[in-house]
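Engineer: Starting off with a structure, shown below.
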Amino acid sequence: MSQSAPTAVAVLAHIVRSIVDQPDAVVVEENTNDDGKHRLDVRVGPGDLGRVIGRRGRTAASIRTITRAAASKDGVEIDIEFLD
């Protein structure tokens with residue numbers, strides 16, 4: 001499947017790999033929602049989800065903001081889901 005938001009995927013993967021203890025376990029998958037909006041699913045290694053979400057979700061919110069800015073360079077709107 002070709003990526004419609006390659007800049008956003010690269011930025012997201014780089015940021016998440018920088019935060020977690022197991023950077024090799026990070027997987028970013030691009031999917032399309034029913035309404036046509038793109039979704040990036042992020043999976044991390046065991047025990048790393050808390051590091052990515054942060055206190056009160058502030059880290060996750062910041063990651064979403066930066067990645068959405070990168071997605072605007074690709075000309076698409078995205079949602080980001082952090083999954084177990």
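Engineer: Has region 55-65 got any residue that is in a loop (DSSP other than H, G, I, E, B) and either over 18 Å from D84 (Cβ atoms) or open to solvent by 60 Å² or more (accessible area, probe 1.4 Å) (or both)?
Structural biologist: No; the residues of region 55-65 include none that is in a loop (DSSP other than H, G, I, E, B) and either over 18 Å from D84 (Cβ atoms) or open to solvent by 60 Å² or more (accessible area, probe 1.4 Å) (or both).
Engineer: Residue check, R68 against (1) over 14 Å from the mean Cα position of the chain (by Cα); (2) open to solvent by 70 Å² or more (accessible area, probe 1.4 Å), all met but one. Which one?
Structural biologist: The one condition R68 does not meet is (1).
Engineer: Every residue in region 1-28 that is assigned to a loop (DSSP other than H, G, I, E, B), under 25 Å from R55 (Cβ atoms) and of a type outside the set (S, T, N, Q), please.
Structural biologist: Let us first name the residues in region 1-28 that are assigned to a loop (DSSP other than H, G, I, E, B), namely 1-5, 20-22, 26.
Now restrict to residues that are under 25 Å from R55 (Cβ atoms): 20-22, 26.
Hits for region 1-28 are V20, D21, V26.
Engineer: Can you say whether D34 is free of Cβ contacts under 8 Å to residues at least 12 places away in the same chain, part of a loop (DSSP other than H, G, I, E, B) and open to solvent by 50 Å² or more (accessible area, probe 1.4 Å), as far as the supplied structure shows? Full working, then the answer.
Structural biologist: On the way: free of Cβ contacts under 8 Å to residues at least 12 places away in the same chain: yes; part of a loop (DSSP other than H, G, I, E, B): yes; open to solvent by 50 Å² or more (accessible area, probe 1.4 Å): yes.
For D34, the condition - free of Cβ contacts under 8 Å to residues at least 12 places away in the same chain, part of a loop (DSSP other than H, G, I, E, B) and open to solvent by 50 Å² or more (accessible area, probe 1.4 Å) - is met.
Engineer: Here's a check for you: in region 14-31, which residue that is open to solvent by 50 Å² or more (accessible area, probe 1.4 Å) and among the charged types (D, E, K, R) is farthest from the chain's Cα centre (by Cα)?
Structural biologist: For region 14-31, the residue satisfying everything is D21.
Engineer: If you take the residues of region 37-54 that are open to solvent by less than 20 Å² (accessible area, probe 1.4 Å) and of a type in the set (A, V, I, L, M, F, W, C), which of them is farthest from I15 (Cα to Cα)? Can you show your working first?
Structural biologist: Going through region 37-54, the residues open to solvent by less than 20 Å² (accessible area, probe 1.4 Å) turn out to be 40-42, 45, 48, 52.
Now drop any that are not of a type in the set (A, V, I, L, M, F, W, C), which leaves 40, 42, 52.
Values: L40: 14, V42: 11, V52: 9 Å.
Only one residue tops the list, namely L40.
The values are calculated or read from the model by the stated rules, or taken from the named source; none is laboratory data. Note that the structure is a prediction, hence the values are computed from the model and not measured. Counting neighbours? That spans all protein chains shown, and the Cβs are built from the backbone with ideal geometry, glycine included. Accessible surface areas use protein heavy atoms only, side chains included; no ligands, DNA or RNA. Shrake-Rupley method; radii C 1.70, N 1.55, O 1.52, S 1.80 Å.
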